[in-house]
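Novice: Dropping a structure here in structure tokens format, bear with me for questions.
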């Protein structure tokens, strides 16, 4: 399984919004510059994320985007499924296509692919934007006070 640029860039852009949570609406241009992603491409991604209720937009001179929910309430799974669709190693274990394969009743691999799907989704649903923000701040030392 490999994420497309939609999934990877979407996660990066959502992470950027989470890192700047509390600063008001963030201009798309700012996100594009910080993340090295085309502004036009971000517009496309943000349309899907907005439709899914993960982000909201603010119009006007001080307009931009912000997370629609708190970073601890948005998981990587939420973002990736909006942008990539269902996360599954094969089509035969995507929930909507159950029973479409003529071999499904006798295929031992189908249950294995299903287990892989379930484990990957569980991991993606266990990681929140807030956890990623905290990891980034630990990595860079941002937000820590050192006293001498």
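Listed here are the residues, each with its yes/no results for (1) within 21 Å of residue 75 (Cα to Cα); (2) crowded, with 17+ Cβ neighbours inside 10 Å; (3) at pLDDT below 95.
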| residue | (1), (2), (3) |
| --- | --- |
| 9 | yes, yes, no |
| 32 | no, yes, no |
| 39 | no, no, no |
| 46 | yes, yes, no |
| 49 | yes, yes, no |
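Novice: Residues that are out of contact with any strand residue (DSSP E or B) (no Cβ under 6 Å at 6 or more places or on another chain) and farther than 17 Å from residue 132 by Cβ: which helices (runs of 4 or more DSSP H) entirely in the stretch 1-78 hold 3 or more of them?
Specialist: By residue number, 28-35, 39-51.
Novice: Restricting the search to the stretch 87-137, which residues are in a loop (DSSP other than H, G, I, E, B) and under 20 Å from residue 54 (Cβ atoms)?
Specialist: 87, 127
Novice: Is it fair to say residue 137 is at pLDDT below 95, out of contact with any helix residue (DSSP H, G or I) (no Cβ under 7 Å at 6 or more places or on another chain), surrounded by 10 or more Cβ atoms within 10 Å (Cβ to Cβ) and farther than 19 Å from residue 14 by Cα?
Specialist: The answer is no for residue 137.
The values are calculated or read from the model by the stated rules, or taken from the named source; none is laboratory data. Keep in mind that this is a model prediction, so the values were computed, not measured. FYI the Cβ positions are ideal-geometry reconstructions off the backbone, even for glycines, and counts take in every protein chain you see.
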